Structures are given as C-alpha cells and as structure tokens.
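The values are calculated or read from the model by the stated rules, or taken from the named source; none is laboratory data. Given the structure is predicted, the values throughout are model-derived calculations rather than measurements. Glycine also receives a Cβ, built like all others from the backbone with ideal geometry; neighbour counts cover every protein chain displayed.
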Amino acid sequence: MTQTEDRTSLSTEDTPLVPIEKIVSLCKRRGFVYPNSEIYGGVSGIYDFGPLGVELRNNIRRYWWWSMVQLNDNVVGIEGSIITHPRVWEASGHVENFVDRLVDCKNCKRRFRVDHLPAENLKQNKCPVCGGELTEPRTFNLMMETYIGVVEGERMKTYLRGEACQNIYLDYDNVLKSSRMQIPFGICQIGKAFRNEVTPGNFLFRQREFEQWDLQFFVHPSEMQKWFDYWKAFRFEWYQGIINHTDRLRFRAHGPDELAHYAKQAFDIEYRSIIGWQEWEGIHWRQDWDLSRHSQFSGQDLSYTDPETKERYIPWIVETSGGVDRTFLNLLLDAYEEEPQSGKDKEGRTVLHLHPWLAPVKVAVLPLQKNKEELVTTARDIHNRLKRLMVAQYDDVANIGRRYRRQDEIGTPFCVTVDFQTLEDQTVTVRERDGMTQIRLAIDELQGYLVEKVMWR
Ligand code: ATP
C-alpha cells in the first residue's frame, strides 16, 4: 500500500491561505482547543484540547505510529519519561547551548528572536514593526527547570525535557538487548517537550509545552546516505498523503551556517500557510554524535558489535523529528474552507476537508425528523452499532441542512440520514462531505462501507 491514498474526490483547486484567527475561533467554538487556565487569564504558549481536539490529536498520533512503527518491521517504539537525570542535558549540550538570542524594542516593547529578524532590521538595529531602537541581544536558555526531592537544600535540580528524542538514546542499549533488533533499525517515540520559548505565538505553532514525534534510525556509517535518503523521501510522502494542498509542501536544505558540526546535511519539510514557509519536520544527519556523547558522559560503552562480522562501531543516526501540535495546526489550516453559496448549498458553508482517517468524528447519524418515533428508534439503533467501530455522533437537533453544515464544519466525512424510505426498504442516505454527493445504501452494508472509507488500511 502506498501512503498517498487516492483522494480524487477532493478539490485540488488552490484556495486562499486561511488567517490563523479563523482557526483559533473555530477551535474554541467547536471544542478543539482552548487557552490553558483561561479563567485566570491564560498562560502564553500553553493550550488545552477539547472533546474534538483530543479525538483529532489521538488520530494524528495513531496514524503516525501505525505508519512508522506498525508497518515497518525494523522499527520499534518506546515511551520515555519527561524527567531524566540532569547529566543527560549536559551530554546533549542543552545546558550550555540551548539558547535563543533576544532583543526588545525600546519603543513598542515587542520582543524578537535575533534569528527571526530580517537582516536589514538587524543591521540597522531597528524594530521591524514600529522602527524603534532595539536593545542589545540577550541570551536565554530554553530549558525549563524543576527539582526532585523533598528536603530543602538536598533537592536535585533537573529539567523538563527540551526535546523528546533524548530518551531514545538513553534506552537504545536496553532496546537492543531486550528486543531482536539488529542494525539497521529504528526507535520511535511520541512525547511532550518543554521549551521556555521567548516568543511563543501563532497559536499552536510555537508553544512552551508541545508534543514531538521522533524516529532515530541506527545504521552502519557506510549506509548513512542510503537511509537518510530513504527516510527523507518517506516522511515527505507521509505529509503529502494527509493534506489537500500538496503544492504547499517543500524541502528546504539547511545552509552551511545552520548545520551542526557533525551533520553532512539536514532538510526541513516546510508547509506554506498564512505565516509563510515554516518548518513542519526536520530530517537530520546526526552521525555518531548522540551515542558518543552519552557514552562519554555516562561511562557506559554504547558501541555495537555486528553479530556476523564482529565489527565494533558507534552507530550513526538518521533522525526525523516533527510534532503533533504543528501537524494539528497545519492540518486545520490546510483543510479549512469557506465555500460560497452554490446550487448544492444555498447558504454556503464552512468545511474542514480533513482526511477521513484523521477526522475527529467519522460519521453522524441523523433521523430526518425527531418527532417520528420509528425514525428515531432506527437512527439510534444504527448509531449504537456504528459507535462500537468508530467515533459516531447522533444528532436530531435542527433541520437536516443545518445538521449537515454542523458536521461539515468539524470535518465529519459522512452523514447517514434515516428517512421515510428507510422504514420501507431498510436503506439510508449516505452523504459525503466534500462533494456533498448522496448515495442510497442498505443498513446492513453500512458498517463495511464506512470501515473501508474511514479506517487506514
Ligand atoms: P524552530 O526552528 O521552529 O524553533 P526547531 O528546529 O528548534 O524549531 P526541533 O528542535 O528540530 O525544532 O523540533 C522538531 C519539531 O518539533 C519541529 O519540527 C516542530 O514540529 C516541533 N516543535 C519544535 N518547537 C516547537 C514549539 N515551540 N511548539 C510546537 N512545536 C514545536
């Protein structure tokens, strides 16, 4: 199976880039995302996920796990802890180097990351918004500190992990010894990371608490290029397979000034939205840097002995590192469309063209009228059967057109309507979200039809 499923039913025409405010408003209104601690005024760069948001997040995570771990025989998964031994962050270089340089505008008080300032403003020491004078750059470490222990004075300072992938290096040797993996093989993880970002913003794009997904793929140095190219192509195809506007996806090669000293090359997979071309995921050539550093700092030899040739070496690593939250945001930006009035829909509608695999609700079951007992009983019965297989909503409030539009706005790919014909011939109307086409299907065929359409295969 290829990852890029045939989605010819979706419109491929380019639609205008969606303002982030529209997504923020939809997310709050329909229960995808809420500002954290809102009743206390909120915390910048931290969000909570509501009933639909949690479904979408779970589907995103599950789809990544399914295609990275479940489908690849040479990849396994772990789930590491958020807090680790503090030496981990010395070995990784985060305590020393995980910093952002920051300037403030003396006039409008806005704050900017030096590496995000246009070159011209940096040269002239001028605020890009109001033209005011900028302060000298100051350096901030992004690691969030915490303490373990109860007795004051004996508590150990450590950190909430600044990137999730460190657990994979820490568990590498245990995975090797406890599973039947041999090089080349990979370890995947999805988990929270924390950064004291100096300029959080653009909704979920840059947060202080967020969730990353990583593959660390361990190889013999002579095979590094081959596997780097393999995962680079794989990950690009993965993103192509979940969006509508594939022309908004590209690779950006890191320039020599961006590359880590051990990296021969690195690429960002970027997506173009209203905030410009931005990183969605990074594909990194990490060589033997991580395992060498942890060997050195821990005193434990993390080299690998080839079972056949007996050659001993520190494995090199290909990393693919992205995030659940940026995927969540980019998917909504990519899927959102305000369709004008047309012959098919007299009022116009807002629709989320989410991939059916990822949509938070897969099907809505709607009795044509709620005051006709037989219609309601049949619809309830269908709903009860479907909800065991997939997230299914029952809705009998308002006229059928409004109910369809409510489902379109949250991206539900199918609506099943129970009408008077149902009572005669045991068939229902199945209405598809994107084309608004309708077919008639026997109730007995419904489960198989929907499973085929909305579950990944
Ligand atoms: P940026 O240059 O945007 O700060 P980065 O290069 O530091 O990102 P990585 O450390 O490579 O990012 O993290 C890997 C992935 O984690 C990113 O591609 C992104 O999807 C996600 N990510 C990183 N920082 C954040 C954040 N503050 N909020 C949400 N997602 C993030």
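Observations, loosely collected:
- Scanning region 304-311 finds no residues that are among the charged types (D, E, K, R), part of a strand (DSSP E or B) and surrounded by fewer than 22 Cβ atoms within 10 Å (Cβ to Cβ).
- Selection over region 206-236 of residues that are out of contact with any Leu (no Cβ under 9 Å at 6 or more places or on another chain), of a type outside the set (Lys, Arg) and not in a helix (DSSP H, G or I) gives a count of 10.
- Of ARG155, ARG138, all but one fail to be of a type in the set (D, E, K, R) and without any contact (Cβ under 8 Å) to a residue 12 or more places away in the chain; the exception is ARG155.
- Note on region 58-104: residues that are of a type in the set (Val, Ile, Thr), farther than 30 Å from ILE183 by Cα and in a helix (DSSP H, G or I) amount to 1.
- Residue match in region 319-338 (condition: part of a loop (DSSP other than H, G, I, E, B), more than 16 Å from the ligand (Cβ to nearest atom) and not small (Gly, Ala, Ser)): no
- Strands (runs of 3 or more DSSP E) lying entirely in region 105-205 (those with 2 or more residues that are more than 28 Å from the chain's Cα centre (by Cα) and surrounded by fewer than 16 Cβ atoms within 10 Å (Cβ to Cβ)): 138-141, 144-148, 156-160
- Check on VAL376, under 31 Å from the mean Cα position of the chain (by Cα), outside any loop (DSSP other than H, G, I, E, B) and of a type in the set (A, V, I, L, M): no
- In region 180-199, the residues that are at pLDDT 95 or above form Cβ pairs under 8 Å with partners that are within 11 Å of the ligand (Cβ to nearest atom) and of a type in the set (S, T, N, Q), at six or more places apart or across chains, as follows: ILE190/GLN212; GLY191/GLN212; LYS192/GLN212; ALA193/GLN212.
- Per-region count, region 19-57, residues closer than 19 Å to ARG349 by Cβ, without any contact (Cβ under 8 Å) to a residue 12 or more places away in the chain and not in a helix (DSSP H, G or I): 0
- Candidate set: region 276-291, residues that are out of contact with any helix residue (DSSP H, G or I) (no Cβ under 7 Å at 6 or more places or on another chain) and at negative phi; chosen: the one surrounded by the fewest Cβ atoms within 10 Å (Cβ to Cβ): TRP277
- Within region 386-420, restricting attention to residues that are exposed (fewer than 14 other Cβ atoms within 10 Å of the Cβ) and outside any loop (DSSP other than H, G, I, E, B), the residue that is nearest to the chain's Cα centre (by Cα) is ARG402.
- Annotation note: of TYR271, TYR239, the sole residue that is in a strand (DSSP E or B), in contact with an Asp or Glu (Cβ under 9 Å, 6 or more places away or on another chain), surrounded by 14 or more Cβ atoms within 10 Å (Cβ to Cβ) and among the hydroxyl-bearing types (Ser, Thr, Tyr) is TYR271.
- Residues (within 17 Å of ARG406 (Cα to Cα) and hydroxyl-bearing (Ser, Thr, Tyr)) located in region 13-39: SER25
- None of SER321, SER273, SER292 is out of contact with any Ser or Thr (no Cβ under 7 Å at 6 or more places or on another chain) and over 30 Å from ASN58 (Cβ atoms) except SER292.
- Extreme residue, nearest to SER321 (Cα to Cα), among residues of region 185-233 that are more than 14 Å from the ligand (Cβ to nearest atom) and β-branched (Val, Ile, Thr): ILE187
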